[in-house]
Amino acid sequence: MAGIQKSPNLIQTVADLEFPGGPIPIDSPFYIDRSPAEARACAEISKPGSLIRIKAPRKMGKSSLMLRIIHAAVDRGYRTVTVDFQQAEEAVFASLDKFLRWLCVNVARQLKLEPNLAEFWDEDMGSKVSCSLYFENYLLEEIDSPVVLVLNELNRVFERANIAQEFLPLLRFWYEQARASEAWQKLRIVVIHSTEIYIALSLNQSPFNVGLPIKLSELTAEQVQDLARRHGLNWSDSYPIEQLMNMVGGHPYLVHLALYHLAILLQQNRQSGDRDESGEELGRAELEELLTAAPTHSGIYSDYLRNQSIAIQQQPELASAFQQVVDAKNSIHLEPLMAYQLDSMGLVKLEGNNCSLSCELYRLYFQEQNLCEDSFSPVGLEELQQENERLLALVNVDELTQIGNRRHFDSCLRAEWKHMARDGSPISLILCDIDYFKIYNDTYGHQAGDNCLRSIAQTIRQSLQRPADVAARYGGEEFAVILPQTDAASALLVAEHIRAKVKDLNIFLNPERHDCLPNSVVTISLGIASVVPGPENDPATLVLAADEALYDSKRQGRDRLTMSTLLNFRFAAVN
């Protein structure tokens, strides 16, 4: 049967398993090819000026398919660019001009080209024309091979009507230009989204009625059987597969998560000698136990279901609509926007103008709840909000150092930037890098390296005096400090305090073993940038300025701090 790749048993130990969650790697034995959709998509990018549209609810495998399309493009010698709109800061969507500039710079950087926006951007012609000329006369002109442009999570653009009503017709224009222009034939576009487009567009302007549509389907029973075998579960009859699919359908993530946990049980049983080596006996009892607990708070899907519940209850109208679906015995008609949103979450299946629950798991879980806000227990809401805050805190904390992570940094910088722009107050950013950390890590081992990172992270955090100041792990051995309402002079004092405190930790680093080391203890280099936010700058400019200053500190000998000269500073007293 198409889409099933026969392979021998692949699981020998628990280490061979892959916990389902993000995109499945290219070389993973757990990826199920859902052809002909995948084969058609990978073939389509070879066609000049092609447009591929991939739509599926969350966790259905869009990102995994995206990786394979990109891999196929690279194999053909094409250049690839991936623009993920989930990574775009809120400020990017402030205007069409800012959005298109961000897009052009993003694409240029990934193609290893200088942005050179000033040469092609003409306010008199407008942003859309400037953007098209930039692609045609610069990006596509400079690149000899075809370029595959992947636009991931395009549904985030749908949420901004002022952007979507201009940008989506622009994609259609680029597609149509390829019918007559060799330059535009080099561009192949892949758009990926989880919701229907519910913004009114002319049929002649919409990119969603041209190109190749790909709609990812659920796994078939045969594909689930194959995936089970790849997990070492050699079920000789169809009963376990039927039982699993009766609960979760063929939803790839839900199926994969169940098989992952059953495979762990199999390995544990093999080690204890409770089961035979083939996994034949692991089926009915274990699977029934797993599925009985599945819709409960102790089941394997508890986090997933809780997150779905939180997302629904944050929108009262959506909660009310979904409650109707849960209570209904048959499919029902919903207002289109509500139906599309529930479909994008994977909670319902659309059947013409009607919709019904995607699987029995959702019915069993949500029938125990009252999703409507006005009749929901205040205590229950409070507990739900507390759980949501706990989960958000985990998402925003770096596990190793226990300070904010990069996600937390990006979120705080955007928020504080808006506050300072409104107040006309300065904001400062300090970027720190541990000097010669690779040498330290290689010399004393990863355990010592982790301890070093923890100590310095906590020292940086403790050096901050105000609640609004933010310390975060920026990446690897780099840290960042956000200082709202802080001018350049004050930021320099904070940076020097941090540098001195880190040096006072006296984390020993033997310079005699390495000629390049100027100090016998671990030190840090720092770059500082400060600015009053305004229309002529943005958070990315501040980060770039601090990064350039950090580079200057390292180039000048390290264990020092440098103030950026890339920005025009306003040395204002802070009230």
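The values are calculated or read from the model by the stated rules, or taken from the named source; none is laboratory data. None of the values given here were measured: they were computed from a predicted structure. All Cβ positions, glycine included, derive from the backbone under ideal geometry; neighbour counts span all protein chains shown. Areas reflect the complete protein model, heavy atoms only, side chains present, ligands, DNA and RNA absent. Shrake-Rupley method; radii C 1.70, N 1.55, O 1.52, S 1.80 Å.
Applying the selection to the stretch 297-326, what residues are in contact (Cβ under 8 Å) with a residue 24 or more places away in the chain, open to solvent by 40 Å² or more (accessible area, probe 1.4 Å) and farther than 20 Å from R58 by Cα? P316, S320 - these are the residues of the stretch 297-326 that are in contact (Cβ under 8 Å) with a residue 24 or more places away in the chain, open to solvent by 40 Å² or more (accessible area, probe 1.4 Å) and farther than 20 Å from R58 by Cα.
Mind listing whichever residues of the stretch 58-70 are within 19 Å of L350 (Cβ to Cβ), surrounded by 20 or more Cβ atoms within 10 Å (Cβ to Cβ) and either at pLDDT 95 or above or in contact with a helix residue (DSSP H, G or I) (Cβ under 8 Å, 6 or more places away or on another chain) (or both)? Give the derivation first.
First pass over the stretch 58-70, keeping only residues within 19 Å of L350 (Cβ to Cβ): 58-62.
Right, trim to surrounded by 20 or more Cβ atoms within 10 Å (Cβ to Cβ) and you get 59-62.
The answer is K59, M60, G61.
One residue stands out in the stretch 1-31 among those that are open to solvent by less than 50 Å² (accessible area, probe 1.4 Å) and over 22 Å from the mean Cα position of the chain (by Cα): the one that is modelled with the lowest pLDDT, namely I4. Listed by position, the helices (runs of 4 or more DSSP H) enclosed by the stretch 130-189 that each have at least 2 residues that are in contact (Cβ under 8 Å) with a residue 60 or more places away in the chain, open to solvent by 10 Å² or more (accessible area, probe 1.4 Å) and not charged (D, E, K, R) are 161-177.
One line per residue, one yes/no per condition, for (1) β-branched (V, I, T); (2) assigned to a loop (DSSP other than H, G, I, E, B); (3) more than 30 Å from the chain's Cα centre (by Cα):
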{"residue": "N307", "(1), (2), (3)": "no, no, no"}
{"residue": "I310", "(1), (2), (3)": "yes, no, no"}
{"residue": "Q323", "(1), (2), (3)": "no, no, no"}
{"residue": "R363", "(1), (2), (3)": "no, no, no"}
{"residue": "N370", "(1), (2), (3)": "no, yes, yes"}
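Just for the stretch 38-52: of the residues that are crowded, with 21+ Cβ neighbours inside 10 Å and in contact (Cβ under 8 Å) with a residue 40 or more places away in the chain, which one is nearest to L140 (Cα to Cα)?
Taking the stretch 38-52 and keeping what is crowded, with 21+ Cβ neighbours inside 10 Å, we get 38, 41, 45, 49-52.
Checking which are in contact (Cβ under 8 Å) with a residue 40 or more places away in the chain leaves us with 41, 45, 49-52.
Values: A41: 22, I45: 16, G49: 12, S50: 15, L51: 16, I52: 19 Å.
Applying the filter and picking the extreme gives G49.
The one condition from (1) more than 14 Å from the chain's Cα centre (by Cα); (2) modelled with pLDDT under 90; (3) buried (at least 16 other Cβ atoms within 10 Å of the Cβ) that E90 does not meet is (3). Here the stretch 461-511 is the region considered, the condition is being among the acidic types (D, E) and under 27 Å from the mean Cα position of the chain (by Cα), and the residue that is most open to solvent (accessible area, probe 1.4 Å) is E477.
Residue count for the stretch 209-228, restricted to those that are in a helix (DSSP H, G or I) and either open to solvent by less than 50 Å² (accessible area, probe 1.4 Å) or closer than 28 Å to S46 by Cβ (or both): 7.
Of the helices (runs of 4 or more DSSP H) lying entirely inside the stretch 424-524, the ones with 3 or more residues being of a type in the set (G, A, S) are found at 446-462, 488-504. S202 meets all of the listed conditions (1) part of a helix (DSSP H, G or I); (2) modelled with pLDDT under 95 but one, namely (1).
Is one or more of the residues making up the stretch 81-92 under 30 Å from P252 (Cβ atoms), among the aliphatic types (A, V, I, L, M) and free of Cβ contacts under 8 Å to residues at least 12 places away in the same chain? If you could, list the steps in order and put the result at the bottom.
Step one: filter the stretch 81-92 for residues under 30 Å from P252 (Cβ atoms), giving 81-88.
Filter again for among the aliphatic types (A, V, I, L, M), leaving 81, 83, 88.
Still in the running and free of Cβ contacts under 8 Å to residues at least 12 places away in the same chain: none.
No, the conditions are met nowhere in the stretch 81-92.
Among E38, E44, which is the only one that is at pLDDT below 90 and of a type in the set (D, E, K, R)? Just a single option satisfies the conditions, and that option is E38.
Looking across the stretch 346-397, the residues that are in contact with a helix residue (DSSP H, G or I) (Cβ under 7 Å, 6 or more places away or on another chain), open to solvent by 70 Å² or more (accessible area, probe 1.4 Å) and at pLDDT 55 or above come down to E360, Q367.
Mind checking which residues of the stretch 18-43 are over 18 Å from A258 (Cα atoms) and either in contact with a helix residue (DSSP H, G or I) (Cβ under 9 Å, 6 or more places away or on another chain) or among the hydrophobic types (A, V, I, L, M, F, W, C) (or both)? Result: P25, I26, D33, R34, A37, E38, A39, A41, C42, A43.
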